[in-house]
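The values are calculated or read from the model by the stated rules, or taken from the named source; none is laboratory data. It should be emphasised that the depicted structure is a prediction, and the values quoted were computed from it without experimental measurement. A quick note on method: Cβ atoms are made from the backbone with ideal geometry, for glycine too, and the neighbour counts reach across all protein chains shown. Ligands, DNA and RNA are stripped out before the accessible areas are found, and what is left, the full protein with its side chains, is counted by its heavy atoms. Shrake-Rupley method; radii C 1.70, N 1.55, O 1.52, S 1.80 Å.
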Amino acid sequence: NAGVMQNPRHLVRRRGQEARLRCSPMKGHSHVYWYRQLPEEGLKFMVYLQKENIIDESGMPKERFSAEFPKEGPSILRIQQVVRGDSAAYFCASSPILGGSRLGEQFFGPGTRLTVL
Amino acid sequence: KNEVEQSPQNLTAQEGEFITINCSYSVGISALHWLQQHPGGGIVSLFMLSSGKKKHGRLIATINIQEKHSSLHITASHPRDSAVYICAVPGNQFYFGTGTSLTVIP
């Protein structure tokens, strides 16, 4: 059973370009979480999704950032018109169905390191 | 004030030492997570606990829900334990401590 997969592992973009980060949860997991880790800072929650639904996006910046988790395929975190301050490591985690609870153990992907030039 | 506070921020130990990392939180929770982030950046979930104590190899995690405090202990520390240890609590979202950077010297 493969773990949580993220790609690309490293992504370089110029200011103003779009960044698309993908996360494939573990088999059987229908809950996906995205976190951001800015340089020299701790992890920060961004968004919590279930299949085809955004459950909690309270940690997402109001502009330029969006996330989806379609019925088929990976979860996508999309950053439009990237700026240098978006440079960070973006981690995805997944957890299995636990009656809709988000308190269960989460399994983390290896992260995508985004560098904005 | 952060919802989750960890101490110490940095810790250097000699191989074989007993290590304790502390986590205090202010949100009401029913479970707490300890994570390990290696220098390469990958994150591993070590423990999820809601009461008492859990042990996995040389790692022991304890929690006191009433006092809103948890500790992570490493017995007989080894250089391969060098990593950042992060405490996380679920509330409306997941709240993370800033991490404790541990370096174990041979």
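Take segment B:1-32 and flag every residue that is part of a strand (DSSP E or B), under 13 Å from B:Gly99 (Cβ atoms) and open to solvent by less than 70 Å² (accessible area, probe 1.4 Å).
In the first step, residues of segment B:1-32 are kept if they are part of a strand (DSSP E or B); the result is B:4-7, B:10-14, B:19-25, B:32.
Still in the running and under 13 Å from B:Gly99 (Cβ atoms): B:4-7, B:10-11, B:21-23.
Result: B:Val4, B:Gln6, B:Ser7, B:Leu11, B:Ile21, B:Asn22, B:Cys23.
Residue pairs, Cβ under 7 Å, 6 or more apart or interchain, first in segment B:67-84 and more than 15 Å from B:His56 (Cβ to Cβ) and open to solvent by 10 Å² or more (accessible area, probe 1.4 Å), second part of a strand (DSSP E or B) and of a type in the set (Ser, Thr, Tyr). List them.
From segment B:67-84, the pairs are B:Lys68/B:Ser24; B:Lys68/B:Tyr25; B:His69/B:Ser24; B:Ser82/B:Thr103; B:Val84/B:Thr100; B:Val84/B:Ser101.
Just checking, which of A:Gln37, A:Gln50 is touching a Leu at 6+ places or on another chain (Cβ under 6 Å) and not basic (Lys, Arg)?
On the way: A:Gln50 fails: touching a Leu at 6+ places or on another chain (Cβ under 6 Å).
Unique residue meeting the criteria: A:Gln37.
Please verify whether A:Glu41 is more than 14 Å from chain B (Cβ to nearest Cβ), open to solvent by 10 Å² or more (accessible area, probe 1.4 Å) and assigned to a loop (DSSP other than H, G, I, E, B), treating the condition exactly as stated.
On the way: more than 14 Å from chain B (Cβ to nearest Cβ): no; open to solvent by 10 Å² or more (accessible area, probe 1.4 Å): yes; assigned to a loop (DSSP other than H, G, I, E, B): yes.
Judged against the criteria, A:Glu41 is not a match.
Which residues, taken from segment B:47-66, are within 16 Å of B:Gln6 (Cα to Cα) and surrounded by fewer than 16 Cβ atoms within 10 Å (Cβ to Cβ)?
Scanning segment B:47-66 gives a single hit, B:Asn64.
For segment A:8-38, name all the residues that are among the charged types (D, E, K, R), over 17 Å from A:Phe108 (Cβ atoms) and loosely packed, with under 13 Cβ neighbours inside 10 Å.
As a first pass, look at segment A:8-38 and keep what is among the charged types (D, E, K, R): A:9, A:13-15, A:18, A:20, A:22, A:27, A:36.
Going one step further and asking which of them are over 17 Å from A:Phe108 (Cβ atoms), we end up with A:13-15, A:18, A:20.
Correct list: A:Arg14, A:Arg15, A:Glu18.
Could you give every pair whose Cβ atoms fall below 9 Å, whose first residue belongs to segment A:20-33 and is among the basic types (Lys, Arg), and whose second residue is open to solvent by 30 Å² or more (accessible area, probe 1.4 Å), counting only separations of at least 6 or pairs across chains?
Pairs that qualify, where the first residue is among the basic types (Lys, Arg) and the partner is open to solvent by 30 Å² or more (accessible area, probe 1.4 Å), are A:Arg20/A:Arg78; A:Arg22/A:Met5; A:Arg22/A:Asn7; A:Arg22/A:Pro8; A:Arg22/A:Gly73; A:Arg22/A:Pro74; A:Lys27/A:Asn1; A:Lys27/A:Ala2.
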